[in-house]
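S.K.: Quick one: structure below, then a few questions.
The values are calculated or read from the model by the stated rules, or taken from the named source; none is laboratory data. Small disclaimer: the values here were computed from a predicted structure and weren't measured. Counting neighbours? That spans all protein chains shown, and the Cβs are built from the backbone with ideal geometry, glycine included. When the accessible area is computed, the model is the full protein with side chains, heavy atoms only, and any ligands, DNA or RNA have been set aside. Shrake-Rupley method; radii C 1.70, N 1.55, O 1.52, S 1.80 Å.
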Amino acid sequence: YFLGAGASKPFGIPLTREILPKILESLKKQDLFDQIPSGDFATKTRRKMERELSGFLEYLMPGLIELYEESKKQQRVSASKSKPKNKFNEIRLPLITDVLSIVDHLIANGNKPYIGKRLVHHISYYRHLLDRAIFEILADFITPTKDQNLLLTKFLNKIEMEIKNGYDLT
């Protein structure tokens, strides 16, 4: 068996390529930072954090919001047509890992980008916002359903049987 990140997909956990679109959608709806209990930050502060993250992403990757909107439109058109969609023309957003890599590179090298007309001195703040955004998206999937628990148990029983039969698993 070889398990990659996609092994969690049957449990409803988004794939890496699905995380950034979910973040962008939640930023658009202004409900991204609502998973953590309300004692965390006041609603006004959460909305400010969302605006800051949205602005940061737009300045970090100009056109990202428009590209996201275009990809949503493309998905709606593809869904309404019966013919298979052309993979070569499909709009692909960057992976969240790509975004994190860019931000980590800026931090590691001491780069300070401009956001609007303002020099960003504390880029690690935006890195923390990205971490929180990822957590918020994944928080929806923490509690497995009964069917997901059964699927996981079935899989783990199979692995246990393989080990008992002398197979080495890593």
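S.K.: Would you pick out the residues in the range 59-75 that are touching a helix residue (DSSP H, G or I) at 6+ places or on another chain (Cβ under 6 Å) and not hydrophobic (A, V, I, L, M, F, W, C)?
M.R.: If the condition is that a residue be touching a helix residue (DSSP H, G or I) at 6+ places or on another chain (Cβ under 6 Å) and not hydrophobic (A, V, I, L, M, F, W, C), then TYR68 is the only one that fits.
S.K.: Using the structure shown, decide if ILE36 is over 22 Å from SER124 (Cα atoms) and in a loop (DSSP other than H, G, I, E, B).
M.R.: Working: over 22 Å from SER124 (Cα atoms): no; in a loop (DSSP other than H, G, I, E, B): yes.
No; evaluated as a whole, the condition is false for this residue.
S.K.: Also, I was wondering about something else. Go over the candidates LEU152, LEU130 one by one and state the one that is under 30 Å from ILE107 (Cβ atoms), hydrophobic (A, V, I, L, M, F, W, C) and touching a residue at least 40 places away in the same chain (Cβ under 8 Å). Break it down stepwise before answering.
M.R.: Details: LEU152 fails: under 30 Å from ILE107 (Cβ atoms).
Within the list LEU152, LEU130, the selection yields LEU130.
S.K.: A further question on this structure: Taking only the range 56-71 into account, find how many residues are surrounded by fewer than 14 Cβ atoms within 10 Å (Cβ to Cβ) and either in a helix (DSSP H, G or I) or in contact with a Phe, Trp or Tyr (Cβ under 6 Å, 6 or more places away or on another chain) (or both). Let's see the steps before the verdict.
M.R.: Narrowing the range 56-71 to residues surrounded by fewer than 14 Cβ atoms within 10 Å (Cβ to Cβ): 62-63, 66, 69-70.
Next, from what is left, pick out any that are either in a helix (DSSP H, G or I) or in contact with a Phe, Trp or Tyr (Cβ under 6 Å, 6 or more places away or on another chain) (or both): 66, 69-70.
The number of residues fulfilling the criteria is 3.
S.K.: Test ILE102 against the stated conditions and say whether it is in a helix (DSSP H, G or I), modelled with pLDDT of 90 or more and either open to solvent by less than 100 Å² (accessible area, probe 1.4 Å) or among the basic types (Lys, Arg) (or both). Steps first, answer last, please.
M.R.: Details: in a helix (DSSP H, G or I): yes; modelled with pLDDT of 90 or more: yes; either open to solvent by less than 100 Å² (accessible area, probe 1.4 Å) or among the basic types (Lys, Arg) (or both): yes.
In short, yes.
S.K.: Filter the range 5-19 down to the residues that are in contact (Cβ under 8 Å) with a residue 24 or more places away in the chain and among the aliphatic types (A, V, I, L, M) and list them by number. Please lay out each step first, then the result.
M.R.: First, the residues of the range 5-19 that are in contact (Cβ under 8 Å) with a residue 24 or more places away in the chain: 10-14, 16-17, 19.
Correct list: ILE13, ILE19.
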